[in-house]
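Undergrad: Handing you a structure now.
FYI, it's all coordinate maths here, none of it is from the lab. Predicted model only: the values in this text are computed from it and were never measured. Don't worry about glycine lacking a Cβ; one is built from the backbone with ideal geometry, like all the others, and counts go over all protein chains shown.
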């Protein structure tokens, strides 16, 4: 852990989350196992803002996060993908190919998928909003059940076959 980092545990509707912030912004948000233990510390202004925004998001009152992000991790391409993910509005989805096309790289759908999987700040950088072209949810690092729960929280219907409902 870097000197300016703070780590805290946040109990969310989709399970415990390890929050890691620096003086630059949110460094990571990861799904923690039940055995994970960290202080529920809020003595860092960015951590305070992050927790307040997560509370509002999970209660359905926040659609866009404003807490600063520390995007010093990842390759230039990964950071470009993450910036594109930030443009996907709450309650909407895009396919991997649509994200690649929006970046001006229409043949890079697989690379977009790889960068999506390396996103170290899920939920805030909404990789859960990226699905397969046929409407199936596809994978998610913490399990497709978490992706389904996040999409449903945002008002999207997901059927029992893990396919986005009509109205996409």
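Undergrad: Would you mind giving the average projected area, over all directions, of the Cα convex hull of the range 113-153 in nm² with one decimal? Walk me through the numbers on the way to the answer.
TA: Values: hull surface 10.9 nm².
Mean orientational projected area (the range 113-153, Cα hull): 2.7 nm².
Undergrad: Based on the Cβ-Cβ distance of residue 43 and residue 73, what FRET efficiency does E = 1/(1 + (r/R0)^6) give at R0 = 22 Å, to the nearest 0.05?
TA: E between residue 43 and residue 73, to the nearest 0.05, is 0.40.
Undergrad: Same structure, new question: Given a Förster distance of 35 Å, report the FRET efficiency between residue 142 and residue 102 from their Cβ-Cβ distance, rounded to the nearest 0.05.
TA: Numbers: r = 25 Å, r/R0 = 0.71.
Efficiency at R0 = 35 Å is approximately 0.90.
Undergrad: In nm, give the distance between the simple-model label positions of residue 63 and residue 114, each being 7 Å from the Cα along the Cα-to-Cβ direction.
TA: For the pair residue 63/residue 114, the computed spacing is 3.5 nm.
Undergrad: How big, in percent, is the set of alpha carbon pairs in the range 1-150 lying more than 20 Å apart? If you can, show how the numbers build up before the last one.
TA: Details: 5336 of 11175 pairs.
Value for the range 1-150: 48 percent of Cα pairs lie more than 20 Å apart.
Undergrad: How do 118, 147, 63, 49 line up, fewest other C-beta atoms within 10 Å first? Each step should come with its number before you reach the end.
TA: Working: 118 14, 147 24, 63 11, 49 18.
Ranking 118, 147, 63, 49 by Cβ neighbours within 10 Å, fewest first, gives 63, 118, 49, 147.
Undergrad: Shifting gears a bit: For 164, 151, 19, what's the fewest-to-most ordering of other Cβ within 10 Å of each Cβ?
TA: Working: 164 19, 151 23, 19 26.
Fewest-to-most Cβ neighbours within 10 Å comes out as 164, 151, 19.
Undergrad: Roughly how large, in nm² to one decimal, is the mean projection of the convex hull of the alpha-carbon atoms in the range 76-153? Don't jump to the answer; show the numbers that get you there.
TA: Working: hull surface 18.1 nm².
For the Cα atoms of the range 76-153, the hull's average projected area reads 4.5 nm².
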